[in-house]
Amino acid sequence: MHKNIKSLYELAQKPTRTIIGLMSGTSLDGLDIALCNISGSGKKTVVSLEQFTTVPYSEAIKAEIRKVFAKKNIDFQHLALLNEWIGNLHADLILDCLNEWNCKATEVDLIASHGQTVMHAPKILHQQAQFPNATLQIGDGDHIAVRTGIITVSDFRQKHLAAGGEGAPLAIYGDYFLFGSETENRIMLNLGGIGNFTFLPKNQNPEGVFVTDTGTGNTLIDAFVQWHFPEKCYDKDAEIARKGTVHPDLLQALKNNPFFEAPFPKSTGPELFNLEYVQKAITESQTEQLSTEDVLATLTRFSAETVAEALVVAIQQTETATTDFTVYVSGGGMHNPLLMDNLKELVPCSFKNTDEIGISGDAKEAILFAVLANETVSGGTTNFGINNGIPSVTMGKISFPD
C-alpha cells in the first residue's frame, strides 16, 4: 500500500481528527481560518472549535484578485499566476496562525480549503444551453499541502457540479449534520456577500431539506460603500444607511430581475450583483439625484426584502405552512443592525445567531468546510433525494505533501 493511502486509511480510523477549515468569500475581506476537532461523521458529527481568526487581505492582495474577480475578460496568465500565489499565500497564513496558536503542523490531520472564488457561472447566469453549470475557485491545494506539510482537501465545488448541482451553496451538508433538530424547525441563514439559507424541517427527512441562494447579502452594500468611501470596507453598524431613506422606485428597479422569480434551488454571485447592476437600476428608476445615504438605505432594504421573500416562500411551501421556524443567522450581515431589523420586520419568525446553538456565526462557513473534508476521508453518503438539486456525494480533491 502506498504510504499516502496508508496515511489516509489511518486518518479515517481516528476517533477525532484535527482539521483546519478555510473560507474566503466574495467580499474579499480576508481568509477565515478555523482550527477544529471533529469526531464522528454524518449526523453523528461533533465539532469543537479550538481557534478561529479572520486574517484580513491587504489592499494589494485585493487589487490582484479584483483583476480577475467576476470578470468575463481577463489576463489569463494573471489568473494562472494567482492560482499558485493564492495557494502559497493561504499556506503561509495557516503557518502563521499555527505558530501563534502554539500548534505544530504535525498535530493537524487535514486542511479543508475552499479557495478564492473568481467566477461563478451557473446556467441561470450564463444562459448558454450547450454549456453546463460552472464555477472556479483558485488557490491550488497541492501548493498548500506541500508548503504546510499537511494533507489538503480542496476544490469541493467541482463534484457538486459534476453530479448535477450548481456548485453552490454547499452549506446544506454541514448544516444538516450539525444543526438538524427533532424538536425545532430551523432555517440556517448565512448573510455573506451573497445570501443563502438551508431549510431544516424538524422531521429530519433529508429529502425535505434544501438550500438556495437568495441574491445579494452584503456584496452591493459593501461595494457601494467602498466606491464612495475608499477608506471604509463596509457600512459599520449601518451608520451611513441609517442616515438615508429608502426610495421605492429604486428598490423596485433593483428587484426587477428574473433571478428572483426562478425556483429553488438557485445560485448567483457578484457576476450579476455588482456596481453595474446598481447603476443600471438607478438609471432605469431615474434616481440619479439620490444621496449616497439614500442609495445605501435602499440597498440594505433590497437585501432584506429579497432574503425575506425567499424565506417566506420556503416556509409557505411546507406541508403545514407553519411560521413556527427559528432562523439562525451567520455571516457578516448578522452584524448589520439595520439589515437585521428589516428582516425581523418582514419575516414572522424568531431570529437567533448560530452562536446560541454552539457554532460561531463568524466561523461557521470555515467550520462547514472542515466538516466536508471530514466526510471526504471518513464519512458516508446521505441521500438528499433527486429533485432538490442537492447531489448525494462527498466532495473535495486530496493533495498530499509529498
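The values are calculated or read from the model by the stated rules, or taken from the named source; none is laboratory data. Predicted model only: the values in this text are computed from it and were never measured. Here Cβ is always computed from backbone atoms with ideal geometry, including for glycine, and neighbour counts include all displayed protein chains. Remember, those area values only see protein heavy atoms, side chains included, never the ligands or the DNA or RNA. Shrake-Rupley method; radii C 1.70, N 1.55, O 1.52, S 1.80 Å.
Things worth noting here:
- The loop-placed chymotrypsin sites (Phe, Trp or Tyr not before Pro) in the range 18-73, going by DSSP, include none that has at most 11 neighbouring Cβ atoms within 10 Å of its Cβ.
- With Cα atoms as the point set, the range 262-402 shows a radius of gyration and Dmax of 19.2, 60 Å.
- For the range 329-378, the spread of Cα positions along each principal axis, largest first, Å: 43, 19, 16
- Here's the picture: charge each Lys and Arg Cβ at +1 and each Asp and Glu Cβ at -1 in the range 97-209, and of I150, A112, G195 the one pushed furthest to the positive end of that dipole is G195.
- Of the peptides 112-121, 389-398, 163-172, 278-287, the ranking by mean beta-carbon count within 10 Å, highest at the top, reads 112-121, 163-172, 389-398, 278-287.
- Shown for the range 159-318: lysine pairs separated by 8 or more places, or found on different chains, whose C-alpha atoms are under 22 Å apart, numbering 4.
- Taking only the Cα atoms of the chain, the radius of gyration and Dmax are 20.6, 70 Å.
- Taking 0.36 nm per residue of separation and subtracting the Cα-Cα distance, full extension of the segment from K104 to N4 would add 34.0 nm.
- Rh (Kirkwood; distinct C-alpha pairs) - the range 183-342, Å: 16.2
- Of the residues L161, L343, L290, the one that moves most in a GNM of the chain with alpha-carbon contacts below 10 Å is L290.
- If the convex hull is drawn through the Cα atoms of the range 1-134, its volume per residue in Å³: 176
- Of I61, I86, the order by accessible heavy-atom surface (1.4 Å probe, DNA, RNA and ligands excluded), from most exposed downward, is I61, I86.
- Non-local Lys pairs in the range 1-114, i.e. 8 or more apart or on different chains, that have alpha carbons under 21 Å apart: 7
- Heavy atoms of H143 accessible to a 1.4 Å probe, total area in Å² rounded to 10: 60
- Lys, Arg +1 and Asp, Glu -1 on Cβ, resulting dipole of the chain about Cα centre, debye, nearest 20: 880
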